[in-house]
1. Applying the selection to segment 23-39, what residues are over 41 Å from the mean Cα position of the chain (by Cα) and surrounded by 14 or more Cβ atoms within 10 Å (Cβ to Cβ)?
2. Spot the failing condition for Arg174; the list is (1) in contact (Cβ under 8 Å) with a residue 12 or more places away in the chain; (2) exposed (fewer than 14 other Cβ atoms within 10 Å of the Cβ); (3) out of contact with any helix residue (DSSP H, G or I) (no Cβ under 8 Å at 6 or more places or on another chain), and only one is missed.
3. Looking only at residues that are buried (at least 18 other Cβ atoms within 10 Å of the Cβ) and not aliphatic (A, V, I, L, M) in segment 94-123, which one is modelled with the lowest pLDDT?
4. Can you tell me which residue is modelled with the highest pLDDT among those in segment 265-277 that are of a type outside the set (D, E, K, R) and loosely packed, with under 14 Cβ neighbours inside 10 Å?
5. Here are some conditions: (1) without any contact (Cβ under 8 Å) to a residue 24 or more places away in the chain; (2) within 22 Å of Glu59 (Cα to Cα); (3) not aromatic (Phe, Trp, Tyr). Ser238 meets all but one. Which one does it not meet?
6. Based on what the data block shows, is Glu300 surrounded by 12 or more Cβ atoms within 10 Å (Cβ to Cβ), closer than 30 Å to Leu215 by Cα and modelled with pLDDT under 90?
7. Any residue that is modelled with pLDDT of 85 or more and either in a helix (DSSP H, G or I) or loosely packed, with under 15 Cβ neighbours inside 10 Å (or both) - is there at least one of those in segment 154-162?
Amino acid sequence: MPENLQPLGNRKSEYTEITFNDISTFFKKHYFFLALFTVFCTFFGYAMSYTMAKMYRSETVLLPEQGPANGGGFLASLAGLGGISAIEKIGAVRTDLYPNVMKSMPFAIFMLKQPVKDINNKNYKSLEEFLSEKPKGHFFGLIPASPEVNSPPSPKLADKEILTLSLKEENNARSILGLINTTIDPKTGIITIESETKDPVVSAMAVSAASRYLLNYVEDYRTGKTAREVTFLAKRMSEAKQREMRAEYALQSYRDRNRNAYLNVARIEEQRLQSDYTLAQSLYIDLARKYEQAAIKVKEEQPIFKVLEPAKVSFQTSKPRRALIALSFGFLGFISALAFILIKISRSKITIH
C-alpha cells in the first residue's frame, strides 16, 4: 500500500508533542543563563532611568456648578451638582467637552504666552521661553541635543480667525498640549487638570493658568451674549443721558430767555422743548432699567467652579518611574534570552540533520 494511502492510525505524527516535563527540563537546563541575563537587563534599565529627565506633576480638582439661570435657583444649583446630564439641561457647556477645549490650539497659544517662574526663582517671559530652553543633552551629556531646525516665517493675514504659526510655534503648541491633561468624572462632573514639566513650580503655575482659561472660556460661552447686550445698553444709555442733558439745557435756556412771554408761539416752542426733554428722559430711564436687568442676568448666568483641590508645588518626581522601567527591561531581557536559546537549539538541530 502506498505511504500516502496508509490508514490514519498507521501514519507517523509530523508534530512533536511538548509536555510539561519537557518545559520543566528546558528551564532547569537554562535557568542560570535566563536568570543572569534577566537580572543584568533589570539593573541596566534601572541605571538607564537615571539618565532620563525628571518630571514633576501638579494637579487641581474643580467642581463645576451653575447659578440660578434658566432653571430656577434651587433646581439649577442641583443641576450643577448632578454631573453631565444635569448640566446639559440648563444650557451650559457640556462638561464632557472640556477636554476638547483644553486640547485646542487657542488654548495652547494662551498657555505658551503665560509668564512662569522656576524653582530657582528664575523668571521667564512666557512658558514658550521655558520650553525652548535647550537641554544639556542625554546620557550625562555624552550625546548633544539635536540642533534647532530653522523654519520659514509664518505669513501675516488680515483675518484674525485664521491662525498662522511657524513650525517652531506649532511644535511648541503641540508640546504644551502633551504636558497638560484634563479628565472628567462622568458620574460626579469633577474636573481634574494635570500638568507635568521638568520644574515643580512651573507645573503648578501651568495648572493654575489652565484652570483660569477654562473658567474664562465657560464664562464667556455662558454669558457672552448677555455681556455683549450689557455693553450695548451701556453705550446707548450714555448717549441717552447726553441727549437728556441737551434737551433739559435747551428747555431751561428757552425759559430763561422767554420768562415773561405771553405769545402763543412762545408757548408752542416751550411745549415742544418740554416734549423733547420728557422723551429723552423716558428713553434714558427705560435703557437704565434694561441695563440693570441685563447686568443681573449676567451674574445669574455666571458659572461657578468650586476648587476641591488647589494646585500645589510637589517636589516628588512623577517620572521616570524607575521600578517600572527596571521591570520592563528585565522582562524584555528574559524574552530576548529565551528567544536566543530557542534559536540556538533550532539551529543545532538543523546542523545535526
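The values are calculated or read from the model by the stated rules, or taken from the named source; none is laboratory data. Being a predicted model, the structure only gives us computed values, none of them experimental. No Cβ is skipped: glycine too gets one built from the backbone with ideal geometry, and neighbour counts run over all protein chains shown.
1. Selection gives Phe26, His30, Leu34, Phe37.
2. Here Arg174 meets the rest and fails (3).
3. If we filter segment 94-123 for residues that are buried (at least 18 other Cβ atoms within 10 Å of the Cβ), which is where we start, we get 95, 98, 102, 107-108, 110-112, 114, 116.
Those left that are additionally not aliphatic (A, V, I, L, M): 95, 98, 107, 110, 114.
Numbers: Thr95: 70, Tyr98: 81, Phe107: 89, Phe110: 90, Gln114: 89.
By that ranking, first place goes to Thr95.
4. Filtering first and then ranking leaves Ser275.
5. (2)
6. Working: surrounded by 12 or more Cβ atoms within 10 Å (Cβ to Cβ): yes; closer than 30 Å to Leu215 by Cα: yes; modelled with pLDDT under 90: yes.
Yes.
7. Here is the first cut: in segment 154-162, the ones modelled with pLDDT of 85 or more are none.
No: zero hits.
Here's the yes/no breakdown for (1) assigned to a helix (DSSP H, G or I); (2) at pLDDT 85 or above; (3) over 30 Å from Glu270 (Cβ atoms):
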| site | (1), (2), (3) |
| --- | --- |
| Val202 | yes, yes, yes |
| Val207 | yes, yes, yes |
| Tyr213 | yes, yes, yes |
| Gly224 | yes, no, yes |
| Leu233 | yes, yes, yes |
| Ala240 | yes, yes, no |
| Glu244 | yes, yes, no |
| Ala250 | yes, yes, no |
